[in-house]
Amino acid sequence: MSTVLISGASIAGPALAFWLRRHGFDVTVVEKSHTLRGGGYPVDIRGSALGVVERMGLLPRLREAHVHTRQITFLNADGSLVASIRPETISGGDGGDLEVRRGDLAEILHDTVRDDVEFLFDNTIVAMSEHSGGVDVTFHSGLQRTYDHVIGADGLHSAVRALTFGPEEQFHHYLGYCFAGFTMPNHLGLTREGLMWNEPGRAAALYAVGSGESVHGFLSFTRAEAPFDAFRDPEAQRELVASTFAEDGWEVPRLVAAMREADDLFFDTVSQIRMPRWSSGRVALVGDAAYAPSFLTGQGSSLALVGAYVLAGHLATSEHAFEAYEQEIRPFVEANQGLVEKGDAALFPGTPEALAQRNAALRQLTTMPADAARPEHSALTLPDFGSALLAQRPTP
């Protein structure tokens with residue numbers, strides 16, 4: 001039985017583990033966190049990815065977890081109303097999309113494989129050495145094992161990618177924005193809705209997935225260069241965000257104070273990963289580690305789910321699996337990455353003129369029907385790999 005090590009237990013990792021087990025592989029998942037990370041901001045599942053979760057038998061559970069956001073209200077700098085609109089009017093959905101909290105999606109995916117897959121929490125890969133018989137892996141804990149294949153599903157700042165292909169900076173396509181997400185008290189009593197406040201180059205948002213005592217806080221701002229030095233320094237992240245919003249009004253001071261105290265702060269840049277290849281030898285990448293599209297596209301989780309399905313299928317059926325995986329999915333990935341370019345975030349205007357134009361467009365949207373689903377979301381027709389176990393599997 002072929003053995004596969006997957007790094008990352010968020011979305012792409014467990015989804016890949018599910019399909020690999022379906023095809024008869026022996027799978028281990030390593031995750032740097034000590035447990036699954038619950039909660040989190042909502043993510044979308046749409047287009048081709050809906051077909052993946054349907055084939056996994058997860059549609060009923062995901063529909064139960066669907067957030068059902070009622071509206072998003074946009075505010076001026078003084079807190080006055082710009083417009084309130086339905087979310088699908090912005091996202092380009094057709095009403096069939098699913099919106100679930102990231103942690104809920106991760107938990108549902110984990111539940112499908114936890115009895116059939118080995119999970120190594122609170123651990124990471126620190127070294128890999130490939131040879132004709134497989135890949136020798138050394139973990140942070142000191143554990144050493146050999147696997148037939150290693151897959152990096154460990155996100156934008158992938159350790160597997162760095163070990164295999166080199167520093168992140170050569171693949172990191174910065175789109176000009178930074179953001180901080182965190183949980184804070186629902187002091188405004190929001191229910192299944194979002195509020196977004198804007199000044200040129202800065203945005204603050206509160207997002208309630210239900211009617212509970214907490215909401216998701218969000219602070220985003222433009223910045224000329226990506227702050228690579230702050231990626232692994234939480235205090236530097238907090239200071240950068242706080243100084244950027246120091247003079248702002250509305251509820252921003254309350255959001256900044258909550259951000260400083262949050263124990264679940266998630267800071268990052270709005271960026272894409274663009275690589276000429278997603279594999280080397282017996283090592284490959286999937287999801288954000290290979291092709292992060294950025295949250296501005298709303299397609300990160302969908303690309304992860306589709307990529308996991310296609311990669312597992314080709315590992316099970318193709319003579320040159322990694323090449324076939326890339327050939328199958330790259331046009332789909334690039335079409336979705338192309339939904340946004342640097343400085344091209346309509347929801348986060350960088351100048352007074354752009355903000356005025358966006359507000360005028362939002363006011364018009366309140367009188368128009370929701371957009372049809374974007375063709376990029378469904379640009380890939382899912383191949384049918386079957387689920388029969390194969391007596392022999394070729395190597396990539």
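The values are calculated or read from the model by the stated rules, or taken from the named source; none is laboratory data. What you are looking at is a predicted structure, and each value in this text was computed from that prediction instead of being measured. Cβ placement follows ideal geometry from the backbone for every residue including glycine, while neighbour counts extend to all protein chains displayed. To get the accessible areas, we keep the full protein, side chains included, count just its heavy atoms, and leave off ligands, DNA and RNA. Shrake-Rupley method; radii C 1.70, N 1.55, O 1.52, S 1.80 Å.
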For the range 248-263, the count of residues that are of a type in the set (Asp, Glu), modelled with pLDDT of 95 or more and more than 15 Å from residue 215 (Cβ to Cβ) equals 1
Inside the range 304-333, can you point out the residues that are open to solvent by less than 10 Å² (accessible area, probe 1.4 Å) and either among the aliphatic types (A, V, I, L, M) or without any contact (Cβ under 8 Å) to a residue 24 or more places away in the chain (or both)? 304, 305, 306, 308, 310, 311, 312, 315, 316, 321, 329, 333
Report yes if residue 313 is closer than 24 Å to residue 153 by Cα, at pLDDT 95 or above and either touching a Pro at 6+ places or on another chain (Cβ under 7 Å) or not in a helix (DSSP H, G or I) (or both), otherwise no. yes
Every residue in the range 350-360 that is modelled with pLDDT of 90 or more and either surrounded by 13 or more Cβ atoms within 10 Å (Cβ to Cβ) or within 18 Å of residue 201 (Cβ to Cβ) (or both), please. 351, 352, 353, 354, 355, 356, 357, 358, 359
Specify which of the listed residues (294, 301) is touching a residue at least 24 places away in the same chain (Cβ under 8 Å), crowded, with 24+ Cβ neighbours inside 10 Å and touching an Asp or Glu at 6+ places or on another chain (Cβ under 7 Å). 301
Residue pairs, Cβ under 6 Å, 6 or more apart or interchain, first in the range 215-230 and farther than 13 Å from residue 270 by Cα and touching a residue at least 40 places away in the same chain (Cβ under 8 Å), second outside any strand (DSSP E or B) and hydrophobic (A, V, I, L, M, F, W, C). List them. 217/255; 217/258
Which one is surrounded by the most Cβ atoms within 10 Å (Cβ to Cβ), of the residues in the range 188-200 that are touching a Leu at 6+ places or on another chain (Cβ under 9 Å) and in a loop (DSSP other than H, G, I, E, B)? 190
Is it fair to say residue 265 is closer than 25 Å to residue 340 by Cβ, open to solvent by less than 30 Å² (accessible area, probe 1.4 Å) and either in contact (Cβ under 8 Å) with a residue 24 or more places away in the chain or in contact with a strand residue (DSSP E or B) (Cβ under 6 Å, 6 or more places away or on another chain) (or both)? no
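Each row is one residue, and each column tells you yes or no for (1) free of Cβ contacts under 8 Å to residues at least 24 places away in the same chain; (2) touching a Lys or Arg at 6+ places or on another chain (Cβ under 9 Å).
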residue	(1), (2)
118	no, no
141	yes, no
145	no, no
149	no, yes
154	no, yes
157	no, yes
164	no, no
173	no, yes
186	no, no
Report yes if some residue within the range 45-59 is free of Cβ contacts under 8 Å to residues at least 60 places away in the same chain and within 30 Å of residue 137 (Cβ to Cβ); otherwise report no. yes
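Considering only the range 276-290, I want to know if a residue exists there that is among the charged types (D, E, K, R), open to solvent by 10 Å² or more (accessible area, probe 1.4 Å) and within 22 Å of the chain's Cα centre (by Cα).
Yes, because at least one residue in the range 276-290 is among the charged types (D, E, K, R), open to solvent by 10 Å² or more (accessible area, probe 1.4 Å) and within 22 Å of the chain's Cα centre (by Cα).
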Cβ-Cβ below 6 Å, separation at least six or inter-chain, first residue in the range 125-137 and touching a residue at least 12 places away in the same chain (Cβ under 8 Å) and assigned to a strand (DSSP E or B), second open to solvent by 50 Å² or more (accessible area, probe 1.4 Å) and among the β-branched types (Val, Ile, Thr): which pairs? 134/146
Take the range 138-156 and flag every residue that is touching a strand residue (DSSP E or B) at 6+ places or on another chain (Cβ under 6 Å) and outside any strand (DSSP E or B). 140, 148, 153, 154
Open to solvent by 20 Å² or more (accessible area, probe 1.4 Å) and touching a helix residue (DSSP H, G or I) at 6+ places or on another chain (Cβ under 9 Å): does that describe residue 213? no
Looking only at the range 8-29, which residues are in contact with a strand residue (DSSP E or B) (Cβ under 9 Å, 6 or more places away or on another chain) and farther than 22 Å from residue 104 by Cβ? 20, 25, 26, 27, 28
Name every residue in the range 334-349 that is in a loop (DSSP other than H, G, I, E, B) and either surrounded by fewer than 15 Cβ atoms within 10 Å (Cβ to Cβ) or free of Cβ contacts under 8 Å to residues at least 40 places away in the same chain (or both), in order of residue number. 338, 341, 342, 343, 344, 346
